[in-house]
Every structure is written in structure tokens, then in C-alpha cells.
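Inspection log for the structure reproduced underneath, given as C-alpha cells.
Every read-out reported here was derived from the displayed coordinates using simple, explicitly stated rules and does not represent laboratory data. Just so it is clear, the structure is predicted and the values come from calculations on it, not from any experiment. Counting neighbours? That spans all protein chains shown, and the Cβs are built from the backbone with ideal geometry, glycine included.
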Amino acid sequence: MPPIRSPKRQLGPKAKSISERILLPDQLKPIQYPQRTYIQFQKLGVLTFLEHHQIPLARRGEYRARTQQEASNLYKIPQITISDWIRQRGQIEGRGRNSAVKRVEEVRMGYTKRVLWPELEDRLYSNFIEWRKGGRTVRQGWFQIQSQFQFRAIYPDVNPAIF
């Protein structure tokens with residue numbers, strides 16, 4: 001009896017072994033530094049540590065500030081990176097409308113988006129409460145349909161395609 005499936009065929013040329021491959025000039029370049037990224041919260045933590053943490057000296061009541069190298073050893077971040085953060089301190093501390101600090105705090109607090117249609121949101125919420133008090137099930141589709149109807153009623157002059 002013939003097999004149900006034919007054996008799997010190899011598509012394309014056979015892969016070369018490492019010993020047969022050619023070393024490209026781009027592969028000869030040494031890595032300048034490993035690529036690392038740090039979120040705003042981490043940067044603020046390191047800068048706050050450098051600003052506030054002090055080490056007591058042998059004399060009573062005297063303290064010295066932490067050095068960048070000590071922070072580097074503690075947080076396992078290159079010292080040059082910390083030095084750059086100190087130079088860019090104003091940008092890192094920025095608290096404007098679109099600053100990275102504000103976005104990080106909003107995400108941590110659960111506020112991820114601005115409310116674009118506040119009246120619509122209020123009316124949808126009140127309708128949702130009424131439906132739930134009536135013992136009805138509210139699902140995602142209900143919100144989608146209700147929001148479209150309410151949008152047209154509240155904002156008749158606005159193009160519904162924007163919503």
C-alpha cells in the first residue's frame with residue numbers, strides 16, 4: 001500500500017555549513033558598545049538616587065554625595081550613560097503635556113488616553129449603569145452600537161468618519 005503522504009521536499013538550495021560561508025566585511029567590525037535602552041522611570045530613579053542619597057563620613061554629622069561611579073556599580077548602568085543623563089536632566093525631568101514622564105505616570109495610573117468626546121463618554125456610562133441595573137447583559141458590541149448612535153445625536157455637525 002502506498003504511503004498517505006509523500007516525503008517532505010526540501011525547497012530551495014541546501015543551507016551552507018559555517019565552514020563554507022563567506023565572512024562579510026560588516027561582520028569584522030568590533031561592537032563599539034552594547035545597545036541598551038532605559039525607560040524614563042529608571043532614569044529618574046538613578047538621578048533621584050544621585051541627588052538625595054548621601055554617605056556618612058567618619059566625623060559625626062558630615063555626609064558626602066554619591067558618585068556617578070557608585071551609582072553605575074549599584075544600578076549596573078555604564079557611567080558614561082549616567083553622565084549623559086545628568087547633562088540631559090532638564091529633558092528627563094520635563095513635565096509637559098507630551099513629556100515621557102507624564103506618559104509613564106499615566107500608564108502606571110491607568111490613564112492611557114485623553115478623552116476626546118467627554119459628553120459621549122458620560123452618556124454612555126449613564127446608559128451602561130441603567131442597563132446593568134435592569135439586569136441586562138452589556139457586551140462590547142452594545143458599546144460600539146450605542147456609541148455610534150449617541151455620537152450622531154450629541155455631535156450632529158461632526159463627520160462620523162472621524163469618530
State which residue is surrounded by the fewest Cβ atoms within 10 Å (Cβ to Cβ) when the search covers only segment 33-75 and only residues that are under 26 Å from the mean Cα position of the chain (by Cα) and over 22 Å from Q91 (Cβ atoms). P34
Is there a residue being hydrophobic (A, V, I, L, M, F, W, C), at negative phi, out of contact with any helix residue (DSSP H, G or I) (no Cβ under 7 Å at 6 or more places or on another chain) and in a helix (DSSP H, G or I) anywhere in segment 64-82? yes
